[in-house]
């Protein structure tokens with residue numbers, strides 16, 4: 001992943017998304033040959049010369065100041081995620097840093113014990129490439145179609161774009177696909193020299209047209225909190241709140257935990273799922289059709 005190419009594509013794609021009206025320009029030509037703003041208009045809004053902005057959009061962010069980055073963010077109406085991504089691109093454009101050889105990440109025993117101790121909530125640890133490095137039993141049951149594939153570590157991006165079960169596992173597959181690509185794009189901005197990430201993106205781009213189109217959009221996402229919507233093959237429709245927590249002692253790793261309000265249908269479904277997980281293997285979910293609201297799931301004895 002070439003940082004200059006990424007900078008060029010990101011800035012030009014954000015410029016193309018902002019209309020003169022959105023930018024607050026009072027006077028502009030109606031006969032425009034480019035979508036969005038012109039380079040000269042972005043330069044004026046950011047308070048820099050056209051020549052300097054053109055240099056930035058050619059991919060050269062080396063030495064750019066925080067004040068210029070802030071001005072560009074305001075001019076382009078960047079979201080919080082896009083602002084952080086632009087900052088990551090600027091930092092990555094600095095002097096090349098020597099990185100240690102890639103190695104398989106090992107989950108610390110203490111972290112593994114914490115995961116196992118979270119018996120009432122699904123929780124797992126992932127890296128920026130969306131490899132699931134450890135998961136407690138309830139998370140394995142929740143993500144049963146993912147863990148049914150024997151390949152390890154399980155990778156959520158490969159599942160979403162290569163596994164046909166993903167289309168029914170997610171209530172809104174298109175949204176899940178968008179978010180997956182945006183998270184990988186965000187990670188690529190943080191570390192464009194991650195060879196394993198480059199290989200993953202190359203594999204996904206080669207094998208999936210739907211991934212390739214989304215990757216070209218240069219959208220980014222801060223994956224912190226929200227609600228995920230599942231169509232689970234055992235317990236049916238399931239809506240769970242999630243929190244993503246960084247692990248300072250394990251740079252690059254995050255802990256993802258799910259919860260449901262006590263007494264809610266989602267809470268009842270999680271309890272049913274825990275009961276099922278105690279006696280079944282995730283792969284067994286693939287031998288039955290997805291549960292639906294019109295066909296109540298048989299309770300586990």
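A short reminder: the numbers here are calculations on the coordinates, not readings from a lab. Predicted model only: the values in this text are computed from it and were never measured. Neighbour counts run over all protein chains shown; Cβ positions are idealised from the backbone, glycine included.
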> Quick one: Cα centre-to-centre distance for the stretch 230-282 and the stretch 154-174, in angstrom?
Replying inline: 17
> Going by a ≥ b ≥ c, the root eigenvalues of the Cα gyration tensor, does the chain fall in the rounded group (a/c under 1.5), the prolate group (a/b larger than b/c) or the oblate group?
Replying inline: prolate
>> Roughly how far apart, in whole Å, are the Cα centres of the stretch 188-216 and the stretch 31-60?
In response: 28
> Over the stretch 124-233, what per residue volume does the convex hull of the Cα atoms give, in whole Å³?
Replying inline: 105
>> Just to be sure I understand: with springs between alpha-carbon atoms less than 10 Å apart, which residue in 58, 33, 190 has the highest mean-square fluctuation in the Gaussian network model of the chain?
In response: 33
> Helix 265-277 versus the longest principal axis of the chain: what angle, 0 to 90°, nearest 10, using Cα atoms?
Replying inline: 60
> With axes computed from alpha carbons, what is the tilt in degrees of helix 173-190 against the longest principal axis of the chain, rounded to the nearest 10 within 0 to 90?
Replying inline: 60
> For the chain, what is the calculated [θ] at 222 nm in deg cm²/dmol (nearest 500), taking -39500 (n - 2.57) for each run of four or more DSSP H residues and dividing by its residue count?
Replying inline: -13000 deg cm²/dmol
> If packing is taken as the mean number of other Cβ atoms within 10 Å per residue, what is the order of 137-146, 173-182, highest first?
Replying inline: 137-146, 173-182
> If you average 1/r over all unlike Cα pairs in the stretch 3-92 and invert the result, what Kirkwood radius do you get in angstrom?
Replying inline: 13.1
> Exposure proxy check: 183, 245, 118 ranked by fewest other beta carbons within 10 Å?
Replying inline: 245, 118, 183
>> Output the 0 to 90 degree angle, nearest 10, between the alpha-carbon long axis of helix 3-17 and the longest principal axis computed from the alpha carbons of the chain.
In response: 80
>> Checking the a/c ratio against 1.5 first, then a/b against b/c, what shape does the Cα gyration tensor give for the stretch 179-224?
In response: oblate
> With the chain treated as a Gaussian network of Cα nodes joined by springs under 10 Å, which of 237, 51, 210 yields the largest mean-square fluctuation?
Replying inline: 51
